[in-house]
Amino acid sequence: MSEASSTHDYLLLSRGKWDPASDKADIEAAIGQFYDWYEANIAAGRFKPGSRLTMDAALVTRDGIRTDGPFAEGKEVIGGYWIIVAESLAAASAIASESAVLAHGIYYEIRPLESERGSAYRHTNETPEAKSYPPRSPTPCVGVQASADP
């Protein structure tokens, strides 16, 4: 008797900027490869639809609403989001590592989506002493070639 595998949803945040040393034609080719890869993963059930983000943004806080960015922690850094369906964070990361755009300065942050409601009584991302994500400078991952900074 075989046990059914359990999958979870993982948020993929596309971060970074195009490497200025990369040729625009090479970047454009990688973008085309990305969309082919992305659409194949949707068809295979490994992705759910996501989207690129525009450069418009609003910051909503207890102090009000700001629409006059820039917001360094947001719109300049996050280019888009997608949902990966995988058995583990490691499996989701392995799927993301296949993306052609990684060779041109873009990097991905992968985060498990939590279905449990937030609580002031549980340690979560919102807890003041919680670890902040991502680190300012991404560190190279095992098995992923890091691009050289110009």
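What's the total number of residues in segment 74-115 that are in contact (Cβ under 8 Å) with a residue 40 or more places away in the chain, over 15 Å from Leu13 (Cβ atoms) and of a type in the set (A, V, I, L, M, F, W, C)?
Residues meeting the conditions: 4.
When you check Tyr121 against the structure, is it among the hydroxyl-bearing types (Ser, Thr, Tyr), out of contact with any Asp or Glu (no Cβ under 8 Å at 6 or more places or on another chain) and surrounded by fewer than 17 Cβ atoms within 10 Å (Cβ to Cβ), yes or no?
Against the criterion (among the hydroxyl-bearing types (Ser, Thr, Tyr), out of contact with any Asp or Glu (no Cβ under 8 Å at 6 or more places or on another chain) and surrounded by fewer than 17 Cβ atoms within 10 Å (Cβ to Cβ)), Tyr121 qualifies.
Name the strands (runs of 3 or more DSSP E) wholly within segment 7-117 that hold at least 1 residues that are modelled with pLDDT of 95 or more and surrounded by 17 or more Cβ atoms within 10 Å (Cβ to Cβ)?
The strands (runs of 3 or more DSSP E) meeting that bar are 8-16, 47-52, 78-86, 106-112.
Does at least one position in segment 30-52 carry a residue that is of a type in the set (A, V, I, L, M) and farther than 23 Å from Ser93 by Cβ?
no
The values are calculated or read from the model by the stated rules, or taken from the named source; none is laboratory data. Since the structure is predicted, the reported quantities are computational estimates derived from the model, not experimental observations. For neighbour counting, all protein chains shown are included, and Cβ atoms are generated from backbone atoms with ideal geometry for every residue, glycine included.
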